[in-house]
Amino acid sequence: MAKVGIIMGSNSDMPVMQEAITILNDFNIETEIDIVSAHRTPEKLYDYAKNAHLRGIQVIIAGAGGAAHLPGMVASMSPLPVIGVPVKSSNSIDGWDSILSILQMPGGVPVATVALNGAKNAGILAAQILGSSDKEVQQTIINYKEELKVKVNKSAESINSKK
């Protein structure tokens, strides 16, 4: 079974990261969720990054606010793809500190970065990564995108019928 690790720097990130959990649950993709702080629990971060793939994790989604070192530090130690979710936190500078901390990774240590508070897209991207080698997950993504198209077309029809 495909498995995505979802980690965040603190419990205050959970309302944002819940969107990734929800969409992956909708896609029937197993998740492992934990709080791993780059600054307060560096030993746990090291253990998580070094061993996630040994537990069957295939993609990691890491959400962090403020200085937002979590996604990059995990990416520096893990062989897995890491998707960073910048979180606008209470100590944030309108989220720009988090965005730039995650986005501006040095060559050799990539982190795929989604929009500020964009955990839903991180979940969809994780599913698409898994779908590249899992036909069942890929079909789920195809169905999801078709549903999006249907919703947009229904909205367009609704607006056009009011003219």
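The values are calculated or read from the model by the stated rules, or taken from the named source; none is laboratory data. No experiment lies behind these values; they were computed from the predicted model shown. A quick note on method: Cβ atoms are made from the backbone with ideal geometry, for glycine too, and the neighbour counts reach across all protein chains shown.
Somewhere in the stretch 75-90, is a residue polar (S, T, N, Q) and modelled with pLDDT under 95?
There is at least one residue in the stretch 75-90 that is polar (S, T, N, Q) and modelled with pLDDT under 95.
Inspect the stretch 140-159 for any residue being in contact (Cβ under 8 Å) with a residue 24 or more places away in the chain, of a type in the set (A, V, I, L, M), in contact with a strand residue (DSSP E or B) (Cβ under 8 Å, 6 or more places away or on another chain) and under 27 Å from Thr31 (Cα atoms) and give the result as yes or no.
Filtering the stretch 140-159 for residues in contact (Cβ under 8 Å) with a residue 24 or more places away in the chain gives 140-141, 144.
Going one step further and asking which of them are of a type in the set (A, V, I, L, M), we end up with 141.
From what's left, in contact with a strand residue (DSSP E or B) (Cβ under 8 Å, 6 or more places away or on another chain): none.
No: the stretch 140-159 contains no residue that is in contact (Cβ under 8 Å) with a residue 24 or more places away in the chain, of a type in the set (A, V, I, L, M), in contact with a strand residue (DSSP E or B) (Cβ under 8 Å, 6 or more places away or on another chain) and under 27 Å from Thr31 (Cα atoms).
Please name all residue pairs, on different chains or six or more residues apart, with Cβ atoms under 7 Å, provided the first residue is in the stretch 128-139 and is farther than 14 Å from Pro81 by Cα and the second residue is in a helix (DSSP H, G or I).
Hits for this filter: Val137/Ala127; Val137/Leu130; Val137/Gly131; Gln138/Gly131.
Hey, any hits in the stretch 12-30 for a residue that's buried (at least 16 other Cβ atoms within 10 Å of the Cβ), aromatic (Phe, Trp, Tyr) and assigned to a helix (DSSP H, G or I)?
No, every residue in the stretch 12-30 fails to be buried (at least 16 other Cβ atoms within 10 Å of the Cβ), aromatic (Phe, Trp, Tyr) and assigned to a helix (DSSP H, G or I).
Out of curiosity, is Ser37 surrounded by 15 or more Cβ atoms within 10 Å (Cβ to Cβ), among the hydroxyl-bearing types (Ser, Thr, Tyr), at pLDDT 95 or above and not in a helix (DSSP H, G or I)?
Spelling it out, Ser37 is indeed surrounded by 15 or more Cβ atoms within 10 Å (Cβ to Cβ), among the hydroxyl-bearing types (Ser, Thr, Tyr), at pLDDT 95 or above and not in a helix (DSSP H, G or I).
How about the stretch 69-105: which of its residues are assigned to a helix (DSSP H, G or I), in contact (Cβ under 8 Å) with a residue 24 or more places away in the chain and farther than 12 Å from Asn117 by Cα?
Answer for the stretch 69-105, where residues must be assigned to a helix (DSSP H, G or I), in contact (Cβ under 8 Å) with a residue 24 or more places away in the chain and farther than 12 Å from Asn117 by Cα: Leu70, Pro71, Gly72, Met73, Val74, Ala75, Ser76, Met77, Asp97, Ser101, Ile102.
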